[in-house]
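J.: Questions regarding the structure given below will be posed in turn.
The values are calculated or read from the model by the stated rules, or taken from the named source; none is laboratory data. The model shown is predicted, which means the values in this text are computed figures rather than measured ones. Please note: Cβ atoms are built from the backbone with ideal geometry, for glycine as well, and neighbour counts cover all protein chains shown.
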Amino acid sequence: MSSRVLPDFELLMPKDLGEGLQLLSRHGSDVAIMAGGTDVLVMMKANYRSPYVMSLAGIGGLDHLDWAPETGLRVGALTTVDQIEQSGAVKQHYRALWQAATLFATPQIRNSATVIGNLLRASPAGDCSCAVLALGGTVVLESVDGRREVAIDDFWLDYNLTARRPDEIAVELRLPPPGKGTGSAFRRLTRTHEDLAKLNASARLDVDGKICRTARLAMGCVGPTTQRLPKCEAILVGKAIDEALLKTLDDVIQSEIAPIDDKRSTAEYRRAVAGVLLRRTISQALAD
Amino acid sequence: MTAYSTIGKSIPKIDVKEKVTGRALYAADLKMPGMLYGKIVRCLDHAHARVLKLDLSVAAKMPGVVKVLGPDDIKAHSYNTGVLDLMVPEPVGKMLGDIEDQTVFTKHVKHQGDAICGIIAHSEEAAERAAEKVIVEYEPLPVYLTAEESMQPDAVQFTSLKPGNRAFQLPGEMFPNNAYGWGNVDEAMAAADFVVEDTFYVPKQKQCQMEPHAYIALFDDGGRLQCWTSTQMPKCVHIKLARMFDLPMSRVTVTQTVIGGGFGARLGMIGEPLACAMAMAVPGRPVKVLYTREEDWIASESRHPGKYWMKIGFSKDGAPVAVDALFRSYKGGYYTQGSGVAFTTGSWLGGMYKWGSCRYHGETYYTNHAPCGAYRGYGNPQTNFVMEQLVERACSKLGVDPVEWRKKWHKGVGDDGWCPGVTYPSCALDECLDRGAAAIGWTEKRAKYANQTGVKRRGVGVSVMNHTSGAFPMLLEHTTCTARLNEDATAEIMLACSDMGQGAHTALQQIAAEALGFRFEDIHIKAGDSDSNGFDIGAHASRTIYVGGAAVKSACEDARKELFARAAQYLECTVEQLTMRDKIIYLEGASNRSISAQEICARGVYNFVDAASGQRTGIPGQIQGYSSFLPTSNSPPFAACFAEVEIDTETGELTLIELVNAHDVGKAIHPASVEGNLEGGAQQGMGFALTEEIYYDKNGLCLNNSFTDYKMLGPSDMPKLTTILVENPDPLGPFGAKSAGEAGIVAPIGAVANAVFHALGIQIIEAPITAEKILEAIKKNGGV
């Protein structure tokens, strides 16, 4: 049961990153970090309790969205999903992320929710998360002891659990620049348009001529975290992707996923359509 | 067609500015000096349990707490949140078996969210903090989520008054063999050339009104109980509260606040008994009770779900010779509208087609869900989903066009309506079918989609419906109205009819202006005050314009009659010689002899004695028209709906392409409002068919008590939507109007289901028709 009344907490409002990191080094796991607030506040109204809530709103310079052909994309901790949706560079070079952003939640939530917040929520249904996993890249984590980068493949440890240590702030997401033949796509299945995914998928393919050189396939809502599909990827690499090849994924994917019954769908349905969604996502990435 | 001054014009709604600016004051917005907050502590972890121990001692000592109240602290009679007991004579109520099985706080939890105790505190925060300190020990009881479970002989009894947990079945005293209908169904069915039959499931759908329930109650220093509430039935709540707390009605006031949507959710009482019980415990202090969305969900009423069996027999020529049906619904934990939906579900069935014989059994069993009550359509959506799919199956077997079959076999003028003996006074369903079919391109699309291949399949489907305009003669239909003319010849129209956002008050104002011959802006509707408003049975059964509007019209005509009588006296002529233009009454043929309505009204009030003559200067008395209106029919509206869908046969996903909803509305008083009502109804109907259902885990705990997981269709899910108003003025409705409040939800349900059938050749008999069910059905069918 939720409530209009938030539980008691102390609000921390650091003025700069240094102060924020100091506060984290002191209070660590007692702090819920809030960027857009679309997860933290909702959870707090549903009885989630944290002695401290640290808002990043007062820290300048965290809402950047920088693109350069050599370095790729840099997404700040306060960069909203709407910024992604409005970005021509993201639309052109990281189609999967842009597509995820356009489908993500509702316009009001996109105005507030952040991409990095979506990663940190560590939900297997995260739409931006699914796209980011397919696109690859790293999350920059900073603490008073310095910075480190964690590859997105190693970022989610379990449901609602990430590699971020309690004293760290995820300050930036870095996505590598796409190659010449890189295409990507994101698709999802929902009950209504404005909904959490019951199944989502994303693909990034590097194609040379007709041959797929590398493939990164991600799927959500089929396990405790958004996950890669290495067996399916292996089938694509080194081959020209055609309908017949794609059709073989329907069976292969079955051994890579472990969906469950939940509020949004059933394990049986997810299994039945996982291959369909994957095939369509790959085809869409090839057309990118 | 008659030329009207305001009727039929879509003038700006009278509440539009306050609504769109956000300045409308809902109950939750109101603050009063000295106001306290009441928090209801609910059982959240059990759907069926007995309270073994309730310890309020720690909660009582929490900061800011004024009072804690358990079941034994409440001095009030048990009650029934429904209102059917007020709508039928007492002997009929007894026959129906209406009971009052609810208490403010309970020791026997019958559904998740049942109220255990209450906290009154200085702030909402303090009340919430204290609520966390309430200690309750429960003895879990077996949870029954279907009638089939709760009817078992060894099941725990919900109430000793309803043995076997059967809350209701059609009473044998009124309905021989507990069935509604006519003719010999068994014989007719046996003689039928073929039958179609199935058992369907209809879902528990939530009204999803925008405003969560909120109340303020005050037991004032004068010993009067006051309640501010957005109920859609202020006068029913008025008498129900009076009875519950043993107060005369003269010591109870219900003030209706702006209603943020009803759809049946506010039909009868909801949290008023709890808010008032808390206020009675702290005399002199207003107590505000706010429901969260989840509370609204788990502790207020929704649509009756259940299993719905139906069998229809046809002769070779397509005649529907017999229909036999049983709707066994899951009541939830309390009786509330126990008798209503179980009956009307069958009446919509009986009223639709020229059945040679008809037998409908309606029964409902207690289950451990949130109670079921009223929701737009009141049984009609359930029947439409079932009846229209079976009719479609029969049309398919007969090889006849579903539109043509319906045109041939639907009931019309002179036929018995949903209540045998009350005939249809008007019916424009054929025109609805023709115009709807033309608008969607029925003939072309039926042919075009007949032999599809490929992943995406399209289909078009049709459905028809009848509803009602008020529930005469089954239920009491009564509205009183006073039309008081001010001394400047403007008018105050006083009545207790509710505007739930459907635009009723605007339309009633139009009716008043037209009937008085005044301008629209000369009229003010004074509603929502139980002290000054006379009796009205409340907004139910799509009655507000048909019955309330007729009351307004009649009261205004009464006032106008007096106005003209006085004009005749002033002008020394007969009333028949008079006409009124721009509020000036003329003697016909003598334009220099006239008197303004303003002068008549002013002289009626400012009736001075002339100093010279010692005589009064005019005819004294403020003009008041009055009506105590009881209708003599229920003029059902009809509708035909056409839907087009596209189905992805690999994923089961369904896309709504187009919906055409053609409605026989009699006469649209305010066309834009009528269209708005029908469009909103279509959104809810398509939701019933495709996405909406409250569901529970095996312990009876609600899994989707918020908009995160209860999915209504949003703007981007809506198809191209065309609403066609077929205007064929009803001989009995005010200015020809029939109802449009509930009607819109009904026919889209069958139309969407039938479009699925057309697209796939498969019928999905459990609503909502989700992608999961479609894909499973395709698989079972061995493909499409």
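J.: Return the only residue of B:Gly34, B:Gly82 being part of a loop (DSSP other than H, G, I, E, B), closer than 24 Å to B:Lys235 by Cα and in contact (Cβ under 8 Å) with a residue 40 or more places away in the chain.
T.: Values: B:Gly34 fails: closer than 24 Å to B:Lys235 by Cα.
Unique residue meeting the criteria: B:Gly82.
J.: Quick test of your reading of the structure: B:Val674 fulfils all but one of (1) buried (at least 18 other Cβ atoms within 10 Å of the Cβ); (2) within 14 Å of chain A (Cβ to nearest Cβ); (3) of a type in the set (A, V, I, L, M, F, W, C). Name the failing condition by number.
T.: (2)
J.: Quick check on my filter: what residues within segment B:677-714 are more than 9 Å from chain A (Cβ to nearest Cβ) and modelled with pLDDT under 95?
T.: B:Phe707
J.: Any chance you could count how many residues in segment B:230-259 are on the phi > 0 side of the Ramachandran plot and either without any contact (Cβ under 8 Å) to a residue 12 or more places away in the chain or among the β-branched types (Val, Ile, Thr) (or both)? Give the steps one after another, and end with the answer.
T.: So in segment B:230-259, the residues on the phi > 0 side of the Ramachandran plot come out as B:246.
Filter once more, so that each one left must be either without any contact (Cβ under 8 Å) to a residue 12 or more places away in the chain or among the β-branched types (Val, Ile, Thr) (or both): none.
Result for segment B:230-259: 0.
J.: Tell me the residue from B:Leu54, B:Leu25 that is assigned to a loop (DSSP other than H, G, I, E, B) and surrounded by fewer than 21 Cβ atoms within 10 Å (Cβ to Cβ), please. Please lay out each step first, then the result.
T.: Numbers: B:Leu54 fails: assigned to a loop (DSSP other than H, G, I, E, B).
Within the list B:Leu54, B:Leu25, the selection yields B:Leu25.
J.: Another question about this same structure. Examine segment B:733-744 for a residue that is more than 12 Å from chain A (Cβ to nearest Cβ) and free of Cβ contacts under 8 Å to residues at least 24 places away in the same chain, and state whether such a residue exists.
T.: no
J.: Could you check B:Lys311 against (1) within 14 Å of another protein chain (Cβ to nearest Cβ); (2) part of a strand (DSSP E or B); (3) surrounded by fewer than 24 Cβ atoms within 10 Å (Cβ to Cβ) and say which number it fails?
T.: The one condition B:Lys311 does not meet is (1).
J.: Return the total of residues in segment B:210-262 being closer than 22 Å to B:Lys75 by Cβ and of a type in the set (Val, Ile, Thr).
T.: Residues meeting the conditions: 7.
J.: Can you name the residue in segment B:651-671 that is among the β-branched types (Val, Ile, Thr) and either surrounded by 23 or more Cβ atoms within 10 Å (Cβ to Cβ) or more than 30 Å from A:Ala267 (Cβ to Cβ) (or both) and, of all such residues, is nearest to the other protein chains (Cβ to nearest Cβ)?
T.: B:Ile657
J.: In the set B:Lys204, B:Lys240, which member is assigned to a helix (DSSP H, G or I) and of a type outside the set (Gly, Ala, Ser)?
T.: Matching residue, one of B:Lys204, B:Lys240: B:Lys240.
J.: Among the residues of segment A:202-209, are any within 25 Å of A:Val90 (Cα to Cα) and either within 14 Å of chain B (Cβ to nearest Cβ) or polar (S, T, N, Q) (or both)?
T.: Yes, segment A:202-209 contains a residue that is within 25 Å of A:Val90 (Cα to Cα) and either within 14 Å of chain B (Cβ to nearest Cβ) or polar (S, T, N, Q) (or both).
J.: For segment B:78-87, check the following and say yes or no: at least one residue is farther than 30 Å from B:Tyr546 by Cα, surrounded by fewer than 20 Cβ atoms within 10 Å (Cβ to Cβ) and not assigned by TED's automatic domain parsing to the domain that holds B:Tyr696.
T.: So far as segment B:78-87 goes, yes, one or more of its residues are farther than 30 Å from B:Tyr546 by Cα, surrounded by fewer than 20 Cβ atoms within 10 Å (Cβ to Cβ) and not assigned by TED's automatic domain parsing to the domain that holds B:Tyr696.
J.: Sticking with this structure for a sec: Going by what's in this entry, would B:Val756 be described as buried (at least 21 other Cβ atoms within 10 Å of the Cβ), in contact with a His (Cβ under 8 Å, 6 or more places away or on another chain), away from every other protein chain (no Cβ under 14 Å) and not aromatic (Phe, Trp, Tyr)? Walk me through how you get there before you give the answer.
T.: Working: buried (at least 21 other Cβ atoms within 10 Å of the Cβ): yes; in contact with a His (Cβ under 8 Å, 6 or more places away or on another chain): no; away from every other protein chain (no Cβ under 14 Å): yes; not aromatic (Phe, Trp, Tyr): yes.
Spelling it out, it is not the case that B:Val756 is buried (at least 21 other Cβ atoms within 10 Å of the Cβ), in contact with a His (Cβ under 8 Å, 6 or more places away or on another chain), away from every other protein chain (no Cβ under 14 Å) and not aromatic (Phe, Trp, Tyr).
J.: Next question, about the same structure. Could you give me the residue pairs with C-beta distances under 6 Å whose first residue belongs to segment A:244-270 and is of a type in the set (Ser, Thr, Tyr), whose second residue is part of a helix (DSSP H, G or I) wherever it lies, and which are 6+ apart or on separate chains?
T.: What qualifies is A:Thr266/B:Glu772; A:Tyr269/B:Glu772.
J.: Moving on to the next point. Please note which strands (runs of 3 or more DSSP E) are completely contained in segment A:87-180 and include at least 3 residues that are buried (at least 16 other Cβ atoms within 10 Å of the Cβ). Lay out the reasoning, then the answer.
T.: On the way: elements: A:138-143, A:146-151, A:156-158, A:169-175.
Fully inside segment A:87-180 and qualifying: A:138-143, A:169-175.
J.: Let me ask you something else. Within segment A:255-270, which residues are surrounded by fewer than 14 Cβ atoms within 10 Å (Cβ to Cβ) and either away from chain B (no Cβ under 14 Å) or under 14 Å from A:Thr281 (Cβ atoms) (or both)?
T.: Within segment A:255-270, A:Ser255, A:Ala258 meet the criteria.
J.: Shifting gears a bit: In the list B:Ala512, B:Ala507, B:Ala568, which residue meets the criterion of being farther than 14 Å from B:Pro734 by Cβ and either buried (at least 24 other Cβ atoms within 10 Å of the Cβ) or over 27 Å from the mean Cα position of the chain (by Cα) (or both)?
T.: Of the residues listed, the single one that is farther than 14 Å from B:Pro734 by Cβ and either buried (at least 24 other Cβ atoms within 10 Å of the Cβ) or over 27 Å from the mean Cα position of the chain (by Cα) (or both) is B:Ala568.
J.: Filter segment B:57-73 for residues that are in contact with a strand residue (DSSP E or B) (Cβ under 7 Å, 6 or more places away or on another chain) and either modelled with pLDDT under 95 or part of a loop (DSSP other than H, G, I, E, B) (or both) and give the result.
T.: B:Gly64, B:Gly70
J.: Name the one entry in B:Thr544, B:Thr490 that is crowded, with 24+ Cβ neighbours inside 10 Å, of a type in the set (Ser, Thr, Tyr), in contact with a helix residue (DSSP H, G or I) (Cβ under 6 Å, 6 or more places away or on another chain) and outside the structural domain of B:Thr231 (by TED's automatic domain parsing). Break it down stepwise before answering.
T.: Working: B:Thr490 fails: crowded, with 24+ Cβ neighbours inside 10 Å.
Just one listed residue meets the conditions, B:Thr544.
J.: Considering (1) assigned to a helix (DSSP H, G or I); (2) in contact with a strand residue (DSSP E or B) (Cβ under 7 Å, 6 or more places away or on another chain); (3) away from every other protein chain (no Cβ under 12 Å), say which one A:Val273 fails and leave the rest.
T.: Unmet for A:Val273, out of (1) assigned to a helix (DSSP H, G or I); (2) in contact with a strand residue (DSSP E or B) (Cβ under 7 Å, 6 or more places away or on another chain); (3) away from every other protein chain (no Cβ under 12 Å): (3).
J.: Just name the residue that is surrounded by the fewest Cβ atoms within 10 Å (Cβ to Cβ) out of those in segment B:163-196 that are within 30 Å of the chain's Cα centre (by Cα) and part of a strand (DSSP E or B).
T.: For segment B:163-196, the residue satisfying everything is B:Trp182.
J.: Here's a follow-up. Out of all the residues in segment B:715-728, is one or more assigned to a loop (DSSP other than H, G, I, E, B) and facing chain A (nearest Cβ under 8 Å)?
T.: There is no residue in segment B:715-728 that is assigned to a loop (DSSP other than H, G, I, E, B) and facing chain A (nearest Cβ under 8 Å).
J.: Look through A:Cys232, A:Cys212 and report the one residue that is touching a helix residue (DSSP H, G or I) at 6+ places or on another chain (Cβ under 9 Å), free of Cβ contacts under 8 Å to residues at least 60 places away in the same chain and buried (at least 24 other Cβ atoms within 10 Å of the Cβ).
T.: A:Cys232
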